[in-house]
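A quick write-up on the structure given underneath.
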Amino acid sequence: MIWNTAALTGRERYQLLTSLVVPRPIAWVSTWSGEGRRNLAPFSYFAAISATPFLVSVSIGSRRGEDKDTLRNIRRTGAFCVNVATEGQLAEMNETAGEYASDVDEFERAGLPSADAESVDAPYVANCPAVMECRVFKIVELEGSTNTLVIGEVLRVHLADDVRIVPDTMFADSAALRPLARLWGDFYSTIGDTPALKRPPAI
């Protein structure tokens, strides 16, 4: 089977793309609205793109031609937090994925506690085991796309005490973190098996 992607509808391209690029990490992004209201939403077009500077990217789609609340808030404040959703937070994360009016507080709707970031103007999920406080590094308008790429510089990282750091490294133990990942449609993935293989030596 071979498809010319230009011949597919937007929905078909989305379905094919999100079923092939899997599993995808989830950026559970929290922001403040212009009215001082908390906003929280998950995005699975999310990636680490640089260690120095410490950069992550989130691609945020529009809704009926208008910026989603998350993007509008980021444009206004220049800040956001990425909360790493974990297995135990699947139901709450899914609750925040709904298409709600801009006056809805997703923290309240999902019954989640919040705290204020220390280095940027954004709230975060207080009981999330891993949080990255981000300031906007660059916003890239993707020509011909309904998505906007937000690149954030991570200024501060919060880790829960039970997410251990692997001795003699700065690796956060993913087996302790138990992050969620997105597959396609309504399907999610947990961490599963994690085989380890050393890279071949340089020749």
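The values are calculated or read from the model by the stated rules, or taken from the named source; none is laboratory data. The shown structure was predicted, so the numbers you read here are calculated from the model rather than taken from an experiment. Every residue, glycine as well, gets a Cβ built from its backbone with ideal geometry; the counts of neighbours run over all protein chains shown. Just so you know, the surface numbers come from the protein's heavy atoms only, side chains and all, with ligands and any DNA or RNA stripped out. Shrake-Rupley method; radii C 1.70, N 1.55, O 1.52, S 1.80 Å.
When each of Glu153, Glu118, Glu106 is tested for being surrounded by 18 or more Cβ atoms within 10 Å (Cβ to Cβ), among the acidic types (Asp, Glu) and closer than 19 Å to Cys81 by Cβ, the lone residue that passes is Glu106. Among the criteria (1) surrounded by 15 or more Cβ atoms within 10 Å (Cβ to Cβ); (2) charged (D, E, K, R); (3) not in a strand (DSSP E or B), the one Glu133 does not fulfil is (3).
Being in a loop (DSSP other than H, G, I, E, B), among the hydrophobic types (A, V, I, L, M, F, W, C) and closer than 16 Å to Ile26 by Cβ is the filter here; which residues of the stretch 168-189 pass it?
So in the stretch 168-189, the residues in a loop (DSSP other than H, G, I, E, B) come out as 168-171, 173, 178, 180, 183-187.
Next, from what is left, pick out any that are among the hydrophobic types (A, V, I, L, M, F, W, C): 170-171, 180, 183-184, 187.
Hits for the stretch 168-189 are Leu180, Leu183, Trp184, Phe187.
Scanning the stretch 41-59 for residues that are in a loop (DSSP other than H, G, I, E, B), polar (S, T, N, Q) and in contact (Cβ under 8 Å) with a residue 12 or more places away in the chain gives a single hit, Ser44. The residues listed here are Arg64, Arg72, Arg37, Arg76; of these, the one that is closer than 13 Å to Tyr124 by Cα and open to solvent by 40 Å² or more (accessible area, probe 1.4 Å) is Arg37.
Scanning the stretch 106-130 for residues that are in a loop (DSSP other than H, G, I, E, B) and either at negative phi or aromatic (Phe, Trp, Tyr) (or both) gives Leu112, Pro113, Ala117, Glu118, Ser119, Val120, Asp121, Ala122, Ala126, Asn127, Cys128, Pro129.
Here Ala101 meets the list (1) surrounded by fewer than 18 Cβ atoms within 10 Å (Cβ to Cβ); (2) among the small types (Gly, Ala, Ser); (3) within 17 Å of the chain's Cα centre (by Cα) almost entirely, failing just condition (3).
Restricting attention to the stretch 1-34, the residues being more than 18 Å from Met93 (Cα to Cα), touching a residue at least 24 places away in the same chain (Cβ under 8 Å) and surrounded by 12 or more Cβ atoms within 10 Å (Cβ to Cβ) number 5. Residues of the stretch 60-105 that are touching a Ser or Thr at 6+ places or on another chain (Cβ under 7 Å) and assigned to a strand (DSSP E or B): Ile60, Gly61, Ser62, Phe80, Cys81, Asn83.
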